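A short write-up of the structure that comes next.
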Amino acid sequence: MPTPPALADLEGRLGAILADHAACEGPLLPILHAVQAEWGHVPQEALPIIAGALNISRAELHGVVSFYHDFREAPAGRHMLKVCRAEACQARGGRAVEDAARARLGIDWHETTATGGMTLEPVYCLGLCATGPAVMLDGRVVARVDEARLDALLAEVEA
Ligand code: FES
């Protein structure tokens, strides 16, 4: 993953993103997606600039950012574990994998470990319903996950 530009470049880069969306109808979500693509999260420092450009309140903007779990308010960890919480995986024992992931990492959904090593996110179907429980680690989808397999996966990335 390329290193995101430093926040020192924020005003310039954000200005370009806002200019790119100036003619866009309903530009807020596209802007937030572009900001997150640029920095890996939506930096707090960007909020007043975006709010000013779109003539909305900071509270309104914060409400949108926090409503959509796709938007991160802090940088993600070096690794990303997504655990399927959808019905088919739950029927195949996914709840135990969910509980084990949170317990092993010591964090809850949408959180990152204190070392910055791992972010844990729920996901709702990875397309492996017949071979669940399924997880995705750094973009790699893994089927038939149980607690032992989860431990092995976490050991691979030393999370
Ligand atoms: S329900 Fe988990 S992969 Fe489809």
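The helices (runs of 4 or more DSSP H) located wholly in the range 56-149 that include 2 or more residues which are farther than 30 Å from Pro27 by Cα occupy 87-91, 94-105.
Of the residues in the range 135-149, at least one is farther than 18 Å from Val42 by Cβ, at pLDDT 95 or above, within 16 Å of the ligand (Cβ to nearest atom) and among the small types (Gly, Ala, Ser). Modelled with pLDDT of 95 or more and under 25 Å from Asp138 (Cα atoms): does that describe Leu18? Answer is no for this residue.
When Ala53 is tested against (1) free of Cβ contacts under 8 Å to residues at least 12 places away in the same chain; (2) in a helix (DSSP H, G or I), just one condition goes unmet, and that condition is (1). As a summary of the residue check, Leu154 satisfies the conditions (1) part of a loop (DSSP other than H, G, I, E, B); (2) at pLDDT 95 or above except for the one numbered (1). Cβ-Cβ distances below 7 Å connect the following pairs, each with a first residue in the range 109-127 that is under 14 Å from Arg72 (Cβ atoms), a second residue that is within 15 Å of the ligand (Cβ to nearest atom) and among the small types (Gly, Ala, Ser), and a separation of six or more residues or different chains: Leu120/Ala101.
Can you say whether Ala114 is of a type outside the set (S, T, N, Q), away from the ligand (no atom under 14 Å from the Cβ) and either buried (at least 16 other Cβ atoms within 10 Å of the Cβ) or modelled with pLDDT under 95 (or both), as far as the supplied structure shows? The answer is yes for Ala114. Within the range 46-93, the set of residues being surrounded by 15 or more Cβ atoms within 10 Å (Cβ to Cβ), charged (D, E, K, R) and within 16 Å of the ligand (Cβ to nearest atom) comprises Lys82, Arg85, Arg92.
The values are calculated or read from the model by the stated rules, or taken from the named source; none is laboratory data. Since we're looking at a predicted model, the values are computed, not measured. Here Cβ is always computed from backbone atoms with ideal geometry, including for glycine, and neighbour counts include all displayed protein chains.
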